[in-house]
Amino acid sequence: MTALTPNSYRSGPDERGHFGEYGGRFVAETLMPLVLELERAYSEAKHDTAFQAELNGLLKHYVGRPSALYFAERLTQHLGGAKIYLKREDLNHTGAHKINNCLGQILLARRMGKTRIIAETGAGQHGVATATVAARFGLPCVIYMGEVDIERQKPNVFRMHLLGAEVRSVTSGSRTLKDAMNEALRDWVANVHDTFYIIGSAAGPHPYPEMVRDFQCVIGNEARAQMIKAEGRLPDLVVACVGGGSNAIGMFHPFLDDRDVAIHGVEAAGEGTATERHAATLSKGAPGVLHGARSYLLQNGDGQVLEAHSISAGLDYPGVGPEHSWLKDNGRVSYYSATDTEALEAFGLLCKLEGIIPALEPSHAIAHVMRAAPKMAKDEIIVVTLSGRGDKDVFTVANALGASL
Amino acid sequence: MSRIAGRFMELGERGRAAFIPFVTAGDPDFETCASIIEKLPEMGADLIEIGVPFSDPMADGPSIQAASLRALNAGMSVPGVFELVRRFRRADDATPIVLMGYFNPIHAYGIDRFVTDASAAGVDGLITVDLPPEEDAVLRVPASVKGIDVVRLATPTSDEMRLRRIAKEASGFLYYVSVAGVTGTKSFAEADLQNSLRSLKRITQLPCAVGFGIRTAEQAKNVARFADAVVIGSAIVQRIAAAVTSEMPSASVIAETIGFCKMLADSVHAARQISVVG
């Protein structure tokens, strides 16, 4: 062990919300008292057994947890290397991992006496999950969504409407996820007295990155136990896609101190990291400050935030959760990327070999597995998060493949 | 004594509030903006706030968002902002200049390099919207070495304990955000504002400026009766936007903007005289 290796990778953040030099609370003063109030409320709830019991009950009976850890036999045979297990977050109620976090946050909102819910969404999965829990708890809900994303994720927009949420189109900036987050922050600052902002990614000001991670750790905790049950040991490699990074941190965190488990995050390379059209923040960005935290950021030399690009709306974000930045710098997690084309190929492969239509986001993780598995021995094991199902993406995929619906 | 402290002392002796206009650097273009800023002191600006444009201005309403975009599209950058200030300083060494913006452009430029270049250009203060007291030491400490004030914000959500914390390490002046909201979108209740200012004055010796919700000469006059300074941004920026949209020549954009500023300045400066007479 070198002097620089921490005793545990799981002890962050510190009391100021920092993971090493990342994270923090870079918000307008108007929001600071709320952010501090949220931190206190979350810290109390975290240690309240009644809160945890209610959350666990909902995860079991409403979401349908635990989600399956599924051995992808035909994909394994096809790639001819390591055994591949899929953590089936796509089987959750609402079709993605986002609901895990939304339930935790809405219980906290109710505990804090907040009566109005807002959220941002990219692919619409977080918007749908937020609209779902808002309906379940009878709270009015406003979802901010970029105009561009509304166009490419129409099925999810309609689902949010069905669930009673108001979807507000965001027309500023690049009209995608980052701008939806700006607009949600503007709403929050103007409605501080009654509004709870459910952030969907492991990003934003402290305590969001920690809180979202904790609520998503159910993915990794279950996967770890299920793997031991299935194979009697831990996997050799854990893989997840990274946009803001919530499914990834939830999967990775429980494995961080298992030194023999390699961990790979996969970003969206869009049209290629050599082009300007990608969303590979950790691979190609530099540390900066956006949306409340210091983290890697796609930006120009003047500190202006660049527009990200990915075929997957959920990965189309120029920032990333601060804990990922810390895990990149200390080397515990390695970050790779997959292009739009590679993700589409992985999407098609999983449909044909396993009868599973994955979302485009985890298709990036599958694309990485397609590269990694053949190089590994047949007795080695990979666990990959299948963070959501692809129903929402059929129009995008049809468009990319030149098919008309 | 810093330019900011000197200016507030001088105004205090004359018993009048300061008028602080805000314009976004490089809006709608460098030359027009430079001419507007150059003429602001003779129109009655006591201090000048210059917005450093940012791609993601989370605390700003539509007017200043649009101004940032106009400026960025016209090529404005951090070195451009310093050039603007240097140009202003050639003719005016007295009017304090405060830069207002977000942290990332400063972070990307390099904090030490930023405060060094800002100081050399003639900048007197920095307001960095997304650097609350919990995070501002990284900028405040190197800025103070260069004699630059880091102006802190107080808001309607700050309770007394929080106000004390804010006031403790603030310098230059305190900026009271009159509404819980983004710039230029809401209005405040005057009685609430006056009470808030009273609370603030009890815990700080620093001058207290008010901004974020003041749009008209009438409002400016009323606030100037009890605040040490009145900041007006969105309403001025909207004048620039309207002039640009109607495709006025640059000279008219300048005349329109400074004319509006003069009217605001006159209201602010007349406020306490009226109050005494009335």
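The table for this structure:
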quantity	calculated
So A:Thr76, is it over 30 Å from A:Gly232 (Cβ atoms), of a type in the set (Val, Ile, Thr) and open to solvent by 10 Å² or more (accessible area, probe 1.4 Å)	no
Residue within the stretch B:20-33 that is surrounded by fewer than 17 Cβ atoms within 10 Å (Cβ to Cβ) and either more than 12 Å from chain A (Cβ to nearest Cβ) or within 18 Å of the chain's Cα centre (by Cα) (or both) present	yes
Strands (runs of 3 or more DSSP E) wholly inside the stretch A:149-265 containing at least 2 residues that are buried (at least 23 other Cβ atoms within 10 Å of the Cβ), away from chain B (no Cβ under 14 Å) and without any contact (Cβ under 8 Å) to a residue 24 or more places away in the chain	none
Residue within the stretch B:38-52 that is over 16 Å from B:Val231 (Cα atoms), modelled with pLDDT of 95 or more and open to solvent by less than 10 Å² (accessible area, probe 1.4 Å) present	no
Tally, over the stretch B:39-85, of residues that are of a type in the set (Phe, Trp, Tyr) and out of contact with any Leu (no Cβ under 9 Å at 6 or more places or on another chain)	1
Any hit, the stretch B:22-33, residues being touching a helix residue (DSSP H, G or I) at 6+ places or on another chain (Cβ under 6 Å), assigned to a helix (DSSP H, G or I), more than 20 Å from B:Ala229 (Cβ to Cβ) and not acidic (Asp, Glu)	yes
Answer residue from the stretch B:70-94, given it is among the small types (Gly, Ala, Ser) and either over 24 Å from B:Phe8 (Cα atoms) or in contact with a Gly (Cβ under 6 Å, 6 or more places away or on another chain) (or both) and is surrounded by the most Cβ atoms within 10 Å (Cβ to Cβ) among those	B:Ala71
Residue check, B:Phe226 among the aromatic types (Phe, Trp, Tyr), away from every other protein chain (no Cβ under 12 Å) and open to solvent by 30 Å² or more (accessible area, probe 1.4 Å)	yes
Residue within the stretch A:291-309 that is away from chain B (no Cβ under 14 Å) and crowded, with 24+ Cβ neighbours inside 10 Å present	no
Within the stretch A:33-52, tally of residues that are open to solvent by 60 Å² or more (accessible area, probe 1.4 Å) and outside any helix (DSSP H, G or I)	1
Single condition A:Asp179 does not satisfy, out of (1) under 17 Å from A:Lys98 (Cβ atoms); (2) under 21 Å from the mean Cα position of the chain (by Cα)	(1)
Condition broken by A:Gln77, with the remaining ones in (1) free of Cβ contacts under 8 Å to residues at least 40 places away in the same chain; (2) under 20 Å from the mean Cα position of the chain (by Cα); (3) part of a helix (DSSP H, G or I) satisfied	(2)
Residue in the stretch B:185-199 that is within 14 Å of another protein chain (Cβ to nearest Cβ), over 24 Å from B:Ile50 (Cα atoms), open to solvent by less than 20 Å² (accessible area, probe 1.4 Å) and at pLDDT below 95 present	no
Unmet criterion (only one of (1) more than 23 Å from B:Glu160 (Cβ to Cβ); (2) not in a loop (DSSP other than H, G, I, E, B)) for B:Ser187	(2)
Failed condition for A:Leu55, given (1) touching a Phe, Trp or Tyr at 6+ places or on another chain (Cβ under 9 Å); (2) over 30 Å from A:Arg136 (Cα atoms); (3) open to solvent by less than 40 Å² (accessible area, probe 1.4 Å); (4) away from chain B (no Cβ under 14 Å)	(2)
Search result, residues across the stretch B:213-225 that are of a type in the set (A, V, I, L, M, F, W, C), closer than 20 Å to B:Phe173 by Cβ and out of contact with any Lys or Arg (no Cβ under 8 Å at 6 or more places or on another chain)	B:Ile214, B:Ala220, B:Val223
Options A:Gly331, A:Gly348; residue that is in a loop (DSSP other than H, G, I, E, B), surrounded by fewer than 18 Cβ atoms within 10 Å (Cβ to Cβ) and away from every other protein chain (no Cβ under 14 Å)	A:Gly331
Selection from the stretch A:271-290 of residues that are away from every other protein chain (no Cβ under 12 Å) and in a loop (DSSP other than H, G, I, E, B)	A:Glu271, A:Gly272, A:Thr273, A:Ala274, A:Thr275, A:Glu276, A:Arg277, A:His278, A:Ala280
Those residues of the stretch A:304-353 which are among the charged types (D, E, K, R) and either over 25 Å from A:Asp179 (Cα atoms) or modelled with pLDDT of 95 or more (or both), in sequence order	A:Glu323, A:Lys328, A:Asp329, A:Arg332, A:Asp340, A:Glu342, A:Glu345, A:Lys352
Count - residues of the stretch A:10-32 that are polar (S, T, N, Q) and open to solvent by less than 40 Å² (accessible area, probe 1.4 Å)	1
Pick from the stretch B:140-159, criterion under 20 Å from A:Arg16 (Cα atoms) and away from chain A (no Cβ under 11 Å), ranking: surrounded by the fewest Cβ atoms within 10 Å (Cβ to Cβ)	B:Val141
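Each row is one residue, and each column tells you yes or no for (1) more than 24 Å from B:Pro105 (Cα to Cα); (2) among the hydrophobic types (A, V, I, L, M, F, W, C).
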site: A:Val238; (1), (2): yes, yes
site: A:Asp257; (1), (2): yes, no
site: A:Glu276; (1), (2): no, no
site: A:Thr281; (1), (2): no, no
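The values are calculated or read from the model by the stated rules, or taken from the named source; none is laboratory data. These numbers were taken from a predicted model, which means no experiment stands behind them. Reconstructed Cβ throughout: ideal geometry from the backbone, glycine too, with neighbour counts over all protein chains shown. Heavy atoms of the whole protein, side chains included, go into the accessibility calculation; ligands, DNA and RNA do not. Shrake-Rupley method; radii C 1.70, N 1.55, O 1.52, S 1.80 Å.
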